[in-house]
Amino acid sequence: MPECVSIRPQPGAEGFEAFAASEAALAPVRSILGGLFADAPPIALQTIEQNQCPVLDFVNANRSSAEPPVTLQLQTDGGTLKNGSAVTGQVAGVGDRSAALFLVNGAGGATNLKPWLARSSDGAVSFSVAVSLAEGAPRGQMILAVVTDEPLTKLDGVPNGVTARALVPFMQSQITATGQQAASALAYFRIED
């Protein structure tokens, strides 16, 4: 997979959803898919910032074939959210496993969403947290869900404001140290004024 690109079947729709830092980064994937299918499937591109690329590397390294699959759905208006309002969502397919969630902003800073998580009786994890951006800040935001069989307790102590470049290797080291496999899910939204 090319650098800073992640692609997956589009939830609830035909085709694929791709996360990439640019359309040019996605071109090799479009070419491969065009060669595999008579009619190239549609690809919905979510353009991210370079500072968010480590998250894509993590997602690509932690794909899981576990059933049920882990999915992350946001409740937004067409993928956008008004500045200062709450982003609300749900991670399904968690079951009795453990989930950690992080909001990764366009500058690459990560916020640990543990204080805003709630678990329902069916094992789904939901959250609602207000998101505000300063003037001129990058608008694209990502939420990363990491699901493991046992809790990665050291993730609970990850301070807000840590960069994705520091968070991703730390998460990967905790997964490796505990001998677990992780499933991950990713969602994208934009903040508008």
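Each reported figure results from applying straightforward, stated rules to the coordinates on display, with no laboratory input. Since this is a predicted model, take the numbers as computed values, not measurements. Don't worry about glycine lacking a Cβ; one is built from the backbone with ideal geometry, like all the others, and counts go over all protein chains shown.
Quick notes on this structure:
- Within the shell of other residues whose beta carbon sits under 15 angstrom from the beta carbon of residue 153, the net charge comes to 0, with Lys and Arg scored +1 and Asp and Glu -1.
- Other residues within the sphere of radius under 13 Å centred on the Cβ of residue 127, judged by their own Cβ, net out at +2 (K and R +1, D and E -1).
- Rg/Rh, computed from the Cα trace of segment 61-147 with Rh as the Kirkwood radius, has the value 0.98.
- Each of 149, 193 was scored by other Cβ atoms within 10 Å of its Cβ. Arranged with the fewest first, they read 193, 149.
- The chymotrypsin sites (Phe, Trp or Tyr not before Pro) found in segment 18-81 that occupy coil by DSSP, while having at most 14 further C-beta atoms within 10 Å, are 37.
- Gyration tensor (alpha-carbon) shape descriptor, the chain, a/c threshold 1.5: rounded
- Computed over neighbours whose Cβ is under 11 Å from that of residue 95, the net charge equals -2, Lys and Arg +1, Asp and Glu -1.
- Whether segment 24-78 is rounded, prolate or oblate, judged on the alpha carbon gyration tensor where a/c under 1.5 counts as rounded: rounded
- Residue of 178, 163, 111 that the Gaussian network model of the chain assigns the largest fluctuation, springs spanning Cα pairs under 10 Å: 178
- Separation of segment 1-59 from segment 91-146 is 21 Å, based on Cα centroids.
- Dividing the summed -39500 (n - 2.57) terms of all DSSP H runs of n ≥ 4 by the residue count of the chain sets its mean residue ellipticity at 222 nm at -6000 deg cm²/dmol.
- The stretch between residue 156 and residue 170 holds 3.8 nm of extra length on full extension. This uses 0.36 nm per residue minus the Cα-Cα distance.
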